[in-house]
Amino acid sequence: DTTVKQNPRYKLARVGKPVNLICSQTMNHDTMYWYQKKPNQAPKLLLFYYDKILNREADTFEKFQSSRPNNSFCSLYIGSAGLEYSAMYLCASSRGGLGPLNQDTQYFGPGTRLLVL
Amino acid sequence: GDSVTQTEGLVTLTEGLPVMLNCTYQTIYSNAFLFWYVHYLNESPWLLLRSSTDNKRTEHQGFHATLHKSSSSFHLQKSSAQLSDSALYYCALSDRGTQVVGQLTFGSGTRLQVYA
C-alpha cells in the first residue's frame, strides 16, 4: 500500500485563526514532507521531518510549524492564517537516508485545499 | 541553489499526435536525480519516470525520457497522445549534495490538454 492520506481535503479558515492539517502514511517511511502549491507555481517545500528531526525552509521558518508524534503521522500547523496562506497543501513521504535509488521517490497525498477568508 | 525550468505552462494537442514536454535543470552537483510526476485532477501526484543515469532512456506507461547531463535536460515524450494523458506534469530534481535526504525542487509544471 503506497497511500498517503490527508485530512481534511478542504478547509475553510478565517483570517487570524489557527489551521491544523493532518497527513498519514503506512509505508514506514523515514521522511515526511509538506509542500505548498499555488496556481501556476511550482510546489514549494515548506518543511520535512527526517525521522524525528524537523527541517524548515529558511523563508517559511516562522510561518509554519509541524509535529510528528509517531512515524505514521505528521501535521502542519498555521498559528494565525492570513489570506496568503490560501493554497493546496501537499504531503509526501519517502524513505530517506543514503542507499539505493528508490529511496528518493516521494509518494504524495491528494492534498488539502485551504481557503482563508 | 537548484532550479528546474519547464518552459511551457500549457500544451494542447490533438489525440494521436506526439507529446514533448520540456525540462531543463541547474545544479552544482553531478549526482542529480530527475523525476517526472503527473498530477490528475482530484488525485495525488504520482511518479511517472525517474533517472540518474546519463544518456539512458527510461520508459513507463508509454512515456519516455532520457537524462542528458551535457545539456541538463530531461524532456518527457510520448509517441501518441491519448485523451487520458490530460493532466499536470511536473519535472523535479533531487540531488544528494550534503543532505541526508533528497529534497525535491519542482518546475512550475506543464498542463497537457489532449483533445479528440
| said: Could you go through segment B:2-13 and let me know if any residue there is out of contact with any Ser or Thr (no Cβ under 7 Å at 6 or more places or on another chain) and charged (D, E, K, R). | reply: no
| said: Go through segment A:1-51 and report how many residues are part of a strand (DSSP E or B), over 17 Å from residue A:107 (Cβ atoms) and at pLDDT below 90. | reply: 0
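So, of the residues in segment B:30-48 that are out of contact with any Pro (no Cβ under 9 Å at 6 or more places or on another chain), free of Cβ contacts under 8 Å to residues at least 40 places away in the same chain and facing another protein chain (nearest Cβ under 10 Å), which turns out to be surrounded by the fewest Cβ atoms within 10 Å (Cβ to Cβ)?
From segment B:30-48, those out of contact with any Pro (no Cβ under 9 Å at 6 or more places or on another chain) are B:30-36, B:40-41, B:46-48; that's our starting set.
Add one more test, that the residue is free of Cβ contacts under 8 Å to residues at least 40 places away in the same chain, and what stays is B:30, B:46-47.
Within this subset, residues satisfying the condition of being facing another protein chain (nearest Cβ under 10 Å) are B:46-47.
Working: B:46: 14, B:47: 18.
Step by step, filter segment B:30-48, then rank; the result is B:46.
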| field | Filtered residue count, segment A:28-42, keeping only those that are exposed (fewer than 15 other Cβ atoms within 10 Å of the Cβ) and on the phi < 0 side of the Ramachandran plot | value | 3
| request: Considering each of B:108, B:84 in turn, give the residue that is over 10 Å from the mean Cα position of the chain (by Cα), part of a helix (DSSP H, G or I) and either within 12 Å of chain A (Cβ to nearest Cβ) or of a type in the set (S, T, N, Q) (or both). | output: B:84
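The values are calculated or read from the model by the stated rules, or taken from the named source; none is laboratory data. Only a predicted model underlies this, so the values are computations on that prediction, with no experimental measurement involved. Heads up, the Cβs are rebuilt from the backbone with ideal geometry, glycines too, and the neighbour counts pull from every protein chain shown.
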